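Visitor: Input: one structure, supplied below.
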């Protein structure tokens, strides 16, 4: 809740627990191409954290369970990154005091702004590539049209063949 309140207060809008994405991220900021997971230190095996202590009873069960969670978290992060998402993982211990919470949320906001700039630049590159492909296709159609006009002007092609070939190009009928 603290992360959500901090994001909302800073003007960020988000969706919660989007099931269409791998791992059902806690917070999804599509505009920033970012997902946020808020992990509990015990359940997700936060190494080096004082909150992550294996219980003394049924130790093997807990160790196996937490190792599975860690492997699953790594696989989910890899899948999300392969889909083009930026993944931010926040830990419970980073949010448990107001001073640490403020620092963590401040770093989170900076990371989101960096992600937005990177995402906008990528969008710009994609738009430029689409425009380039569109121009190339238009030029190709112009060249094809001028070739067809030249073929029709040079050679006496029966009208029936020209009409039958409207589905395909005249240049497709030639071997050059």
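The values are calculated or read from the model by the stated rules, or taken from the named source; none is laboratory data. Quantities reported herein were computed from a predicted structural model and do not represent experimental measurements. With ideal geometry, Cβ positions are generated from the backbone for all residues, glycine too; neighbour counts draw on all protein chains shown.
Visitor: Name the residue that is surrounded by the most Cβ atoms within 10 Å (Cβ to Cβ), counting only residues in the stretch 45-71 that are out of contact with any strand residue (DSSP E or B) (no Cβ under 6 Å at 6 or more places or on another chain) and touching a residue at least 40 places away in the same chain (Cβ under 8 Å).
Guide: We begin by selecting, within the stretch 45-71, every residue out of contact with any strand residue (DSSP E or B) (no Cβ under 6 Å at 6 or more places or on another chain); these are 45, 47-71.
Remaining after also requiring touching a residue at least 40 places away in the same chain (Cβ under 8 Å): 49-51.
Numbers: 49: 15, 50: 8, 51: 12.
The extreme case among them is 49.
Visitor: Only one of these is free of Cβ contacts under 8 Å to residues at least 40 places away in the same chain and either surrounded by 15 or more Cβ atoms within 10 Å (Cβ to Cβ) or within 27 Å of residue 14 (Cβ to Cβ) (or both): 121, 131. Name it.
Guide: Answer to the check: 121.
Visitor: Counting only residues that are farther than 30 Å from residue 123 by Cβ and in a loop (DSSP other than H, G, I, E, B), how many does the stretch 31-71 have? Full working, then the answer.
Guide: Taking the stretch 31-71 and keeping what is farther than 30 Å from residue 123 by Cβ, we get 40-71.
Keeping just the survivors that are in a loop (DSSP other than H, G, I, E, B) gives 40-58.
Within the stretch 31-71, residues that are farther than 30 Å from residue 123 by Cβ and in a loop (DSSP other than H, G, I, E, B) number 19.
Visitor: Let me ask something else about it. Could you tell me which of the residues 81, 138, 110, 94 is loosely packed, with under 12 Cβ neighbours inside 10 Å, at pLDDT 80 or above and under 20 Å from residue 26 (Cβ atoms)? Reasoning before the result, please.
Guide: Details: 81 fails: loosely packed, with under 12 Cβ neighbours inside 10 Å; 138 fails: under 20 Å from residue 26 (Cβ atoms); 94 fails: loosely packed, with under 12 Cβ neighbours inside 10 Å.
Selected residue: 110, the only one of 81, 138, 110, 94 that is loosely packed, with under 12 Cβ neighbours inside 10 Å, at pLDDT 80 or above and under 20 Å from residue 26 (Cβ atoms).
Visitor: If we scan the stretch 19-27, do we find a residue that is touching a strand residue (DSSP E or B) at 6+ places or on another chain (Cβ under 8 Å) and closer than 16 Å to residue 95 by Cα?
Guide: Among the residues of the stretch 19-27, at least one is touching a strand residue (DSSP E or B) at 6+ places or on another chain (Cβ under 8 Å) and closer than 16 Å to residue 95 by Cα, which makes the answer yes.
Visitor: Out of the residues in the stretch 1-21 meeting the condition of being crowded, with 17+ Cβ neighbours inside 10 Å and touching a residue at least 40 places away in the same chain (Cβ under 8 Å), tell me which one is farthest from the chain's Cα centre (by Cα). Quick ask: steps written out before the conclusion?
Guide: Taking the stretch 1-21 and keeping what is crowded, with 17+ Cβ neighbours inside 10 Å, we get 3, 6-7, 12, 14.
Okay, now just the ones that are also touching a residue at least 40 places away in the same chain (Cβ under 8 Å), so 3, 6-7, 12.
Values: 3: 22, 6: 24, 7: 20, 12: 18 Å.
Residue satisfying both the conditions and the ranking: 6.
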